[in-house]
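Only one structure is covered here, and it is reproduced in the block below.
The values are calculated or read from the model by the stated rules, or taken from the named source; none is laboratory data. Just so you know, these numbers come straight off a predicted model, no measurement behind them. Cβ placement follows ideal geometry from the backbone for every residue including glycine, while neighbour counts extend to all protein chains displayed.
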Amino acid sequence: MSPDPFALDVVAAARALVGWTVSHAGCAGVIVETEAYHEREPACHAHIGLTARTHILFGAPGTAYVYRSYGIHALLNVVVEPEGTGAAVLIRALEPMAGVELMRRRRARQAGTDLCSGPGKLTQALGIWLERNGGDLRTGPIRLEPPPAGRAAPALVTGPRVGITKAVDLPWRFCARGSRHVSRPWPPGLGASRPRAQVGSGAAD
DNA sequence: CATGGGATTGACT
DNA sequence: GTCAATCCCATGC
């Protein structure tokens, strides 16, 4: 299988990118959750067409699209599909693999909770900010690397995308089955065990 | 030029 | 469960 998912259609790319590694500024994690966005559906920023904000989405596949969300957070996307088509894969969660102490320091206020279990959390943990918008993910500073050759593709759980108000029924969210590093709300059938200490309300396993 | 709205998170009732 | 934070961009007058 080609190690270049960037030219694939956005849904295939979103599925293929689960299991890849993202690294930046001394930290790295394996992607456990993605979502697909495409200009032909209204939840995608590129739906409004080519503007100052969206032109990166129409650019070369393998480019980083980093934008500010709710005035507070930076969200990381991988631009996919051929140049001229507005499409991207949102990286929603990572399993921390390297530089975990540095991640904890960057997220000092939430050191006890999950470090990368959300699109705004992982950019904070990795030190990714808006200045990375437009960068080439194959050369860095943000690097995207394929899983080791021969590793089986992770089983995926599919569900509707999170946090949007348009095209809410499209099943374009993909989570690694069994991973407890996925963002909330966990999709049905994820198969991950609860983080502990939340049990007690009488529910048995 | 004024205004509305987020591809979210963490704190609080 | 509810809700504020915070700011750039897109839209409308």
Checklist outcome for this item: A:C116 vs (1) surrounded by fewer than 18 Cβ atoms within 10 Å (Cβ to Cβ); (2) under 30 Å from A:G178 (Cβ atoms); (3) in contact with a strand residue (DSSP E or B) (Cβ under 6 Å, 6 or more places away or on another chain): all pass except (1)
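Check A:G29, A:G62, A:G19 and return the single one that is away from DNA strand C (no atom under 16 Å from the Cβ), surrounded by 22 or more Cβ atoms within 10 Å (Cβ to Cβ) and farther than 24 Å from A:D169 by Cβ.
Details: A:G62 fails: surrounded by 22 or more Cβ atoms within 10 Å (Cβ to Cβ); A:G19 fails: surrounded by 22 or more Cβ atoms within 10 Å (Cβ to Cβ).
Result: A:G29 is the single residue among A:G29, A:G62, A:G19 that is away from DNA strand C (no atom under 16 Å from the Cβ), surrounded by 22 or more Cβ atoms within 10 Å (Cβ to Cβ) and farther than 24 Å from A:D169 by Cβ.
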Checklist outcome for this item: Sole miss for A:R105 among (1) within 21 Å of A:A13 (Cα to Cα); (2) of a type in the set (D, E, K, R); (3) part of a helix (DSSP H, G or I) is condition (1)
Next on the checklist: I need every pair where a residue in region A:177-203 that is closer than 22 Å to A:R161 by Cα and among the aromatic types (F, W, Y) has its Cβ under 7 Å from the Cβ of a residue that is surrounded by 10 or more Cβ atoms within 10 Å (Cβ to Cβ) and modelled with pLDDT of 90 or more, sequence separation at least 6 or different chains.
Outcome noted: none
Checklist entry - Taking only pairs six or more apart or across chains, which ones have beta-carbon atoms under 8 Å, a first residue in region A:1-27 that is farther than 30 Å from A:E101 by Cα and modelled with pLDDT of 95 or more, and a second residue that is hydroxyl-bearing (S, T, Y) and crowded, with 19+ Cβ neighbours inside 10 Å? => result A:V10/A:Y37
Checklist entry - Which one of these does A:L57 not meet: (1) surrounded by 19 or more Cβ atoms within 10 Å (Cβ to Cβ); (2) within 30 Å of A:G178 (Cα to Cα)? => result (2)
Checklist outcome for this item: Only unsatisfied item for A:K121, checking (1) at pLDDT below 95; (2) within 16 Å of DNA strand C (Cβ to nearest atom); (3) among the charged types (D, E, K, R), is (1)
Next on the checklist: Can you tell me how many residues within region A:148-183 are more than 18 Å from A:V22 (Cα to Cα), among the small types (G, A, S) and within 15 Å of DNA strand B (Cβ to nearest atom)?
Outcome noted: 3
Item to check | Long-range neighbours under 9 Å by Cβ, at least six apart or interchain, first residue of a type in the set (S, T, N, Q) within region A:137-162, second surrounded by 14 or more Cβ atoms within 10 Å (Cβ to Cβ) | outcome: A:T158/A:R15; A:T158/A:W172; A:T158/A:R173; A:T158/A:F174; A:T158/A:C175; A:T158/A:P187
Checklist outcome for this item: Scanning region A:115-127 for residues that are in contact with a Pro (Cβ under 9 Å, 6 or more places away or on another chain) and not in a helix (DSSP H, G or I), the one nearest to A:L102 (Cα to Cα) turns out to be A:L115
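Can you tell me how many residues within region A:138-161 are in a strand (DSSP E or B) and not basic (K, R)? Walk me through it before giving the result.
Residues of region A:138-161 in a strand (DSSP E or B): A:140, A:143-145, A:156-159.
Those still in the list that are not basic (K, R) too: A:140, A:144-145, A:156-159.
Adding up the residues that qualify gives 7.
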Checklist entry - Filter region A:65-101 for residues that are over 16 Å from A:C44 (Cβ atoms) and within 16 Å of DNA strand C (Cβ to nearest atom); which is surrounded by the fewest Cβ atoms within 10 Å (Cβ to Cβ)? => result A:G71
Checklist entry - Does A:A46 qualify as being more than 16 Å from DNA strand C (Cβ to nearest atom), in contact with a Ser or Thr (Cβ under 9 Å, 6 or more places away or on another chain) and either in a helix (DSSP H, G or I) or among the polar types (S, T, N, Q) (or both)? => result no
